[in-house]
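The values are calculated or read from the model by the stated rules, or taken from the named source; none is laboratory data. The shown structure was predicted, so the numbers you read here are calculated from the model rather than taken from an experiment. Reconstructed Cβ throughout: ideal geometry from the backbone, glycine too, with neighbour counts over all protein chains shown. In case anyone asks, the SASA skips ligands and DNA or RNA and just uses the protein heavy atoms, side chains included. Shrake-Rupley method; radii C 1.70, N 1.55, O 1.52, S 1.80 Å.
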Amino acid sequence: MAVKYTPDQKLIAVALLDRTIKVFFVNTLKHHLTLYGHALPALSISISLDSKLLLSTSADRTCKIWGLDFGDCHRSIRAHPESVMVGMFELVKMNEIGIISGAPEKMAGLNIGMEIRGKIFSH
């Protein structure tokens, strides 16, 4: 289970053992989104600096990038041969972000070529 606030402090995301990630408004704790898609529980979550994207890593060996506006899964990446224990966004260039993930056997980095506004994906 993992818990993260968005950098703008408007949303809080909680990864649960039922393989979902629930997103709530901080000021009211009203439910905003439920993110479905992992086959096993999410082990970590990270949120982009602009508070628009969420990265989840899971025991199912995947990293998923979600939009926090509608909850759509922008990308699912099979990152490691074992459970992905941790993941985070990193600024690669002024208009691109990348992700770094870690599992027991190694760390992996990927420049996903995504605009910070979440419009372009290239890999």
- Task: Report residue 90's accessible area, 1.4 Å probe, all protein chains in place, as a number in Å² to the nearest 10.
- Result: 80 Å²
- Item | All Cα pairs of segment 1-95, percent lying beyond 24 Å | 14 percent
- Query: What does the charge dipole of segment 18-79 about its Cα centre add up to, to the nearest 20 debye, if the Cβ of each Lys and Arg holds +1 and the Cβ of each Asp and Glu holds -1?
  - Reply: 120 debye
- Query: Hey, if you put +1 on the Cβ of every Lys and Arg and -1 on every Asp and Glu Cβ in segment 21-74, which of 66, 51, 24 ends up farthest toward the positive end of that dipole?
  - Reply: 24
- Message: Which chymotrypsin sites (Phe, Trp or Tyr not before Pro) in segment 1-69 sit in a loop by DSSP (not H, G, I, E or B) and have at most 14 other Cβ atoms within 10 Å of their own Cβ?
- Response: 36
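Students sometimes get this wrong: rank 78, 61, 19 by accessible area, probe 1.4 Å, all chains present, largest first.
From most accessible down to least: 78, 19, 61.
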- Message: Once ligands and nucleic acids are excluded and a 1.4 Å probe is used, how much of residue 74 is accessible, expressed in Å² to the nearest 10?
- Response: 60 Å²
- Name the long-range amide H neighbours of residue 43: under 5 Å, sequence gap of 5 or more, or other chain; modelled H, no Pro or chain starts. 57, 58, 59
- Order 48, 76, most accessible first, counting only protein heavy atoms with a 1.4 angstrom probe. 76, 48
